[in-house]
Amino acid sequence: MGEALKIGITGLPGAGKTYCLLKVIEMLEGDGLKVGGMITEPIVKRNRREGFYVMDWASKEKRVFASREIESKTMVGRYGVDISALEEVGVHALQSATANADVIVIDEVGKMEVESPNFVQAVKDALDADKPLLLTLHKKSRNPLLQDIRRRDDV
């Protein structure tokens, strides 16, 4: 592993993890750095969180990957999770960022995202790359990937 700076932002849902990350991305891009990776955005209807988009930061492609309206065998709380959407947009974005970006961003490593083995591997590969990385983490999840990230000396 290299010496590239890796920063984790943690907190409960709604704490402002994504907002903080977006502000840092704005500063990095303002300095001319190429930022790549994935961001999740809430889908809000009538002041109620109904689901989440996953977005490729570089291409801006986005898809619904979790929703109250998705019928799926993968359920996290009240949300059905579309693993294929997460992998086609999010995993692809992480792989592309690991290969091509100056800075990798991952928002977020949470309960829904870790349902995908391909996502888990893409996160591990990004963490092991010799590139600066910023990620947001679900605060309370006891998933092995999140526990491994919290134990790392380089995050």
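Close amide H partners of Ile9, meaning residues 5 or more places away or on another chain with modelled amide H under 5 Å apart, are Leu135, Thr136, Leu137. Evaluating 6.51 cos²θ - 1.76 cosθ + 1.60 at θ = phi - 60° for every residue in the range 59-65, the Karplus couplings come out as 8, 6, 5, 9, 9, 6, 10 Hz, glycine and proline recorded as x. Counting every other Cβ atom within 10 Å of each residue's Cβ, Val54, Val91 order from fewest to most as Val91, Val54. The trypsin sites (Lys or Arg not before Pro) of the range 1-97 that DSSP puts in a loop, and whose beta carbon has at most 11 other beta carbons within 10 Å, are Arg46, Lys60, Lys73, Arg78. Near Ile9, once Lys and Arg are set to +1 and Asp and Glu to -1 for all other residues with Cβ below 9 Å from its Cβ, the sum equals -1. Here the Karplus curve 6.51 cos²θ - 1.76 cosθ + 1.60, taken at θ = phi - 60°, turns the phi angles of the range 29-38 into couplings of 5, x, 8, x, 7, 8, 9, x, x, 10 Hz, with x standing for Gly and Pro. For the chain, the 222 nm mean residue ellipticity estimated from helices alone, with every DSSP H stretch of n ≥ 4 adding -39500 (n - 2.57) and the total spread over all residues, rounds to -8500 deg cm²/dmol. Here the chain was treated as a single set of alpha-carbon atoms; its pair distances binned every 5 Å from 0 give 2, 10, 20, 24, 23, 13, 6, 2, 0, 0 percent. Applying the criteria of a DSSP loop state and at most 12 other Cβ atoms within 10 Å to the GluC sites (Glu not before Pro) of the range 1-98 yields Glu3, Glu69, Glu71. The HN-Hα couplings worked out from phi for the range 4-13 by the Karplus form 6.51 cos²θ - 1.76 cosθ + 1.60 (θ = phi - 60°) are 4, 5, 10, 10, x, 10, 10, x, 6, x Hz, whole numbers, x standing for Gly and Pro.
Do any of Lys6/Lys45; Lys34/Lys140; Lys23/Lys73; Lys23/Lys139 go past 24 Å between their Cα atoms, and which?
Lys6/Lys45; Lys34/Lys140; Lys23/Lys73
Hey, fewest Cβ within 10 Å first, where do Ile7, Ile39 land in order?
Least crowded to most crowded, the residues run Ile7, Ile39.
Starting from the Cα gyration tensor of the range 70-155, take the square roots of the eigenvalues, sort them a ≥ b ≥ c, and report rounded, prolate or oblate (rounded when a/c is under 1.5, otherwise prolate if a/b is larger than b/c, else oblate). Oblate, since a/c reaches 1.5 and b/c is not below a/b. Look at Thr18, Thr136 and count the other Cβ atoms within 10 Å of each Cβ; fewest to most, that gives Thr18, Thr136.
Values in this text are rule-based calculations from the coordinates and carry no lab data. Values in this document were obtained by computation on a predicted structure and should not be read as measured data. With ideal geometry, Cβ positions are generated from the backbone for all residues, glycine too; neighbour counts draw on all protein chains shown.
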